[in-house]
């Protein structure tokens, strides 16, 4: 009886051990096969550090393909403080090349952070970037970047608009079509341990994709001519503002648009909001009044809707149109008139 109990207990223990081993093996198999990608990504995220590379924005061109806004290549200095051994020497050498104060660089190099952008090291030209690159310091990275360039300066500034420091559209066409122009950012990825020391794993680079090209109906040569005439008119009449629109009457396409005062889109921060936010041909609307009567007259003659000599109209002094009361400029009205007399009298009600 006792002997049988011992064997039963041994079998039970062995069974439990086998079940536990099977569970462990199953868990290991699940981790290695089914959870590998997920866990690998988590591990990589713990090791990796990313530097975002802004995508060049798409060009804005006129109807003939002439560039009105584009992106030019620049370079930005990124530093990883924990990877820089001699912070004083690195700061001094970079400050000398950038022609800035030592303290301006050292405050970034000595920070307790994973990554920093040296503000004085943004938008560098190729010559300056080459000098930094030749230093060959660990923890100092040069990342190709881009910034917006407007070859015609103040011309078309209100229409094209401008972008912020992050290359995001803030006004004009740059804002309206931002999702098409901004492209897809790239990244430079490097690997480091918890203390920020670089690991012996190759860096990975994903190139940015440039945004789409936006083609306008504008003709820049016509725009420049209009812009010049607007300025001449302002100088001649000492006016505070001037505007102009040139349209193709057959298609309705806008061929030129001008507005003064204008601004430089690269330095938009130095202008008042009244100037940068007001595209006068669109913003400064007004009721055309009697100046539009010639359009109504020409349309009526073209479409033969009235006979200027035979048809007549009685002007009682006021009339209701779509719920609104319109008054004649002459008190009591003009009475009965032919439509030729309506034109001669510039009769509001007759038109």
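Please treat every number below as a calculation from the coordinates, not as lab data. Predicted model only: the values in this text are computed from it and were never measured. Neighbour counts run over all protein chains shown; Cβ positions are idealised from the backbone, glycine included.
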Computed over the chain: longest principal axis from alpha-carbon atoms vs helix 126-135 long axis, angle to nearest 10 degrees, is 10 degrees
Tell me the angle of helix 220-237 to the major Cα principal axis of the chain, expressed in degrees between 0 and 90 and rounded to the nearest ten. 60 degrees
Ranked output for segments 70-83, 323-336, 13-26 by mean other Cβ atoms within 10 Å, highest leading, reads 70-83, 323-336, 13-26
Using distinct alpha-carbon pairs, which all enter the 1/r mean, Kirkwood radius of the chain in Å: 27.7 Å
Order of 127, 341, 221 - criterion: other Cβ atoms within 10 Å of each residue's Cβ, fewest first: 127, 221, 341
Cβ crowding within 10 Å averaged over residues, with 299-305, 92-98 ranked highest first: 92-98, 299-305
Once the Cα atoms of helix 2-29 and of the chain are each reduced to a long axis, what angle between those two axes, in degrees from 0 to 90 to the nearest 10, is obtained? 40 degrees
Label residue 303 and residue 272 with points 7 Å out from Cα along Cα→Cβ: what is the distance between them in nm? 4.3 nm
Taking only C-alpha pairs under 8 Å that are 6+ residues apart, what is the relative contact order of the chain in percent? 15 percent
Using 7 Å Cα-to-Cβ label points, what is the residue 213/residue 72 separation (nm, one decimal)? 2.0 nm
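Is the C-alpha gyration tensor of the range 69-116 telling us rounded, prolate or oblate? Criteria: a/c under 1.5 is rounded; beyond that, a/b larger than b/c is prolate, otherwise oblate.
Judged from the Cα gyration tensor, the range 69-116 comes out oblate (a/c at least 1.5, b/c at or above a/b).
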How many angstrom separate the Cα center of the range 293-339 from the Cα center of the range 227-284? 36 Å
Gain upon complete extension [residue 20, residue 37; 0.36 nm per residue less C-alpha separation]: 3.5 nm
